[in-house]
Amino acid sequence: MVKVKFLGHAAFLIEGSKKILIDPFLTGNPKAAAKPEELEADLILVTHAHGDHIGDAIEIAKRTGAKIVAMYDIANYIGEQGNVEVVGMNYGPTEIDGVGIVQVPAWHSSSDGKYGIGNACGYIIELDGVKIYHAGDTFVFKDMELFAELYGPIDVALLPIGGHFTMGVKEAAKAVEFLKPKKVVPMHYNTWPPIAADPEEFKRLVGDRAEVIVLEPGETLEL
Ligand code: NI
Ligand code: MN
């Protein structure tokens with residue numbers, strides 16, 4: 001069984017034969033469902049360099065010995081800031097410690113808030129036969145059809161719906177058409193007022209194209 005635990009904002013813990021943290025922004029996250037010192041991880045995947053995604057990755061990696069996976073340039077940036085093991089990659093497939101990882105494009109910026117660092121990405125993770133797509137921060141784009149064609153069927157897609165910085169509910173519902181996932185979990189909304197969104201409206205727009213599962217921070221989906 002693979003468990004997908006929502007930790008708030010875009011942070012997830014995926015637990016199967018390995019523990020994989022994605023975008024562990026907890027300190028300063030008003031919706032955080034865990035403290036960084038409580039978490040264990042083998043791999044930490046970072047989608048881009050913005051603070052609400054790198055978050056506590058370095059601190060958690062230092063304590064647990066987890067490897068941080070990120071785009072090559074972002075991995076170098078993270079590696080410079082702390083004594084942590086980084087795996088730099090770029091858009092494409094790889095396998096790290098028995099976990100299938102495809103780094104896929106995302107339409108978004110990536111910077112330390114001012115200066116650009118690498119590009120934004122999403123990840124398609126295959127753990128114990130379960131395929132999970134974390135979109136990172138992105139607008140919708142039709143190449144998401146290619147992700148489904150090359151790497152599907154996607155068991156669960158974790159999609160931003162908050163608007164302002166990413167897709168809103170309308171765009172994310174369109175992404176579901178392209179990705180054809182079995183299940184969808186909305187993320188990156190209601191953390192702060194600019195990204196307020198109604199997950200029930202998202203659910204209505206997706207209709208019967210996929211099962212929308214609204215996780216409150218701290219809740220877990222079992223696959
Ligand atoms: Ni961002
Ligand atoms: Mn973000």
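The values are calculated or read from the model by the stated rules, or taken from the named source; none is laboratory data. Only a predicted model underlies this, so the values are computations on that prediction, with no experimental measurement involved. When we count neighbours, we look across all protein chains shown, and the Cβ atoms used for this are built from the backbone with ideal geometry, even at glycine. Each accessible area value is taken on the protein alone, full model and side chains, heavy atoms only, with ligands, DNA and RNA left out. Shrake-Rupley method; radii C 1.70, N 1.55, O 1.52, S 1.80 Å.
Per the listing A34, A11, the residue uniquely crowded, with 21+ Cβ neighbours inside 10 Å, at pLDDT 95 or above and aliphatic (A, V, I, L, M) is A11.
Would you tally the residues in region 123-146 being open to solvent by 10 Å² or more (accessible area, probe 1.4 Å), in a loop (DSSP other than H, G, I, E, B) and out of contact with any helix residue (DSSP H, G or I) (no Cβ under 7 Å at 6 or more places or on another chain)? Matching residues across region 123-146 total 4.
In this structure, does I161 turn out to be touching a His at 6+ places or on another chain (Cβ under 8 Å), open to solvent by less than 10 Å² (accessible area, probe 1.4 Å) and under 23 Å from G8 (Cα atoms)? Against the criterion (touching a His at 6+ places or on another chain (Cβ under 8 Å), open to solvent by less than 10 Å² (accessible area, probe 1.4 Å) and under 23 Å from G8 (Cα atoms)), I161 qualifies.
Taking residues in region 164-178 that are farther than 13 Å from F202 by Cβ and open to solvent by 10 Å² or more (accessible area, probe 1.4 Å), and partners anywhere that are hydrophobic (A, V, I, L, M, F, W, C) and part of a helix (DSSP H, G or I), the pairs with Cβ atoms closer than 7 Å and at least 6 places apart or on different chains are H164/I195; F165/I195; F178/M144; F178/A148. Inside region 69-101, residues that are open to solvent by 70 Å² or more (accessible area, probe 1.4 Å) and part of a strand (DSSP E or B) make up a count of 2. Within region 1-31, the set of residues being within 10 Å of the chain's Cα centre (by Cα), assigned to a loop (DSSP other than H, G, I, E, B) and of a type in the set (G, A, S) comprises just one member, A10. Just one of the listed residues (I161, I132) is under 24 Å from D52 (Cβ atoms) and away from ligand 2 (no atom under 16 Å from the Cβ), namely I132.
If you check A57, A120, A66 for being under 19 Å from S17 (Cβ atoms), crowded, with 22+ Cβ neighbours inside 10 Å and among the aliphatic types (A, V, I, L, M), only one passes: A66.
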